[in-house]
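The values are calculated or read from the model by the stated rules, or taken from the named source; none is laboratory data. Please read these numbers as outputs of a predicted model, since none were measured by experiment. Every residue, glycine among them, receives a Cβ derived from its backbone with ideal geometry; neighbour counts consider all protein chains shown. The protein model used for the area step is the full one, side chains on, heavy atoms only, and it has no ligands, DNA or RNA in it. Shrake-Rupley method; radii C 1.70, N 1.55, O 1.52, S 1.80 Å.
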Amino acid sequence: ALGEALAGLDAPVPVLVRVNAADTRWHGDDLAACATLPLSGIVLPKAETAEAVRDAGARTGLPVVALVESAAGLANAREIARASHRLAFGSIDFAADIGIAHERGPLSHARFELALAARLAGQGAPIDGVTADIRDAGLITDDCHHARTLGFGGKLLIHPAQIAPARAGFLP
């Protein structure tokens, strides 16, 4: 269905597909399907090793955005950054994995480490995790501004209503 939708576009648009994690039974099929589509890249969730990132890139021939969402992923962030096209932070799952609140203070160290890993790997600024509240535009803008001050260059969004506030939060 995605292939048909992409073929029906008047002009090519950048599309990244979030595949299933490497330890799921759907991962291989996802990679095989993505390898046949005109994509800009894939998003690999639960990225915990550089090997998994390299494997996904090799099997699809596409750039990989590594979504770091666990303690293991953060512990290997520098190697994952060198193997990926870009890092992204799965902050909600990360907080759940290590048993902390999904709040700025407890997540500051992880955000700093991802920004540092991206810089050391020579890649662009990482992408911050989602703001779960889709109705509070002020919070979304403020979360984006906060992420920008920590070295992030974008934000994962879960609803179209978050686009305008996110853009505002990343303005100079």
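For segment 45-96 and segment 120-140, what is the centre-to-centre distance using only Cα atoms, to the nearest Å?
Distance between centres, Cα-based: 16 Å.
Give, in nm to one decimal, the length gained when the segment between A132 and D23 is fully stretched (0.36 nm per residue of separation minus the Cα-Cα distance).
On the way: separation 109, 0.36 × 109 = 39.24 nm, distance 2.56 nm.
Full extension from A132 to D23 adds 36.7 nm.
Under the definition of Cα pairs under 8 Å and six or more residues apart, what whole-number percent is the relative contact order of the chain?
That works out to 14 percent.
Compute the FRET efficiency between L9 and A32 as 1/(1 + (r/R0)^6), taking r as their Cβ-Cβ distance and R0 = 30 Å, and round to the nearest 0.05.
0.85
In whole percent, and with a 1.4 Å probe on the protein chains, what portion of the accessible area of the chain is carbon and sulfur?
56
Mind putting a number on the dipole of segment 57-119 about its Cα centre? Charges go on the C-beta only, +1 for Lys and Arg and -1 for Asp and Glu, and I need it in Debye to the nearest 20.
Result for segment 57-119 is approximately 320 debye, rounded to the nearest 20.
Name the long-range amide H neighbours of V43: under 5 Å, sequence gap of 5 or more, or other chain; modelled H, no Pro or chain starts.
V17, R18, V19, V65
Kindly write out, for segment 154-164 in residue order, the coupling ³J(HN,Hα) from the Karplus curve 6.51 cos²θ - 1.76 cosθ + 1.60 (θ = phi - 60°), rounded to whole Hz, with x marking Gly and Pro.
x, 9, 6, 10, 10, 8, x, 5, 8, 5, 4
Determine the relative contact order of segment 86-172: mean sequence separation of Cα pairs under 8 Å and six or more apart, normalised by residue count, in whole percent.
Across segment 86-172, relative contact order equals 29 percent.
Among I127, I98, I80, which one moves the most in a GNM of the chain with springs linking Cα atoms closer than 10 Å?
Most flexible of the set in this elastic network: I98.
Quick one: Karplus J couplings for segment 30-37, per residue in order, coefficients 6.51, -1.76, 1.60, θ = phi - 60°, nearest Hz, x for Gly and Pro?
4, 4, 4, 5, 5, 5, 9, 10
Taking R0 as 22 Å, what FRET efficiency do you get between I98 and R59 from their Cβ-Cβ distance, rounded to the nearest 0.05?
Step by step, r from the Cβ atoms, then E = 0.15.
State in Å² the accessible area per residue of the chain; use a 1.4 Å probe, count heavy atoms of protein chains only, and round to the nearest integer.
Spelled out: the 1.4 Å probe surface of the chain, per residue, equals 52 Å².
Students sometimes get this wrong: rank H27, H159 by accessible area, probe 1.4 Å, all chains present, largest first. If you can, show how the numbers build up before the last one.
Details: H27 10, H159 75 Å².
Result, largest first: H159, H27.
So how strong a dipole does segment 1-136 carry about its Cα centre when Lys and Arg Cβ are +1 and Asp and Glu Cβ are -1, to the nearest 20 debye?
Charge dipole of segment 1-136: 380 debye, to the nearest 20.
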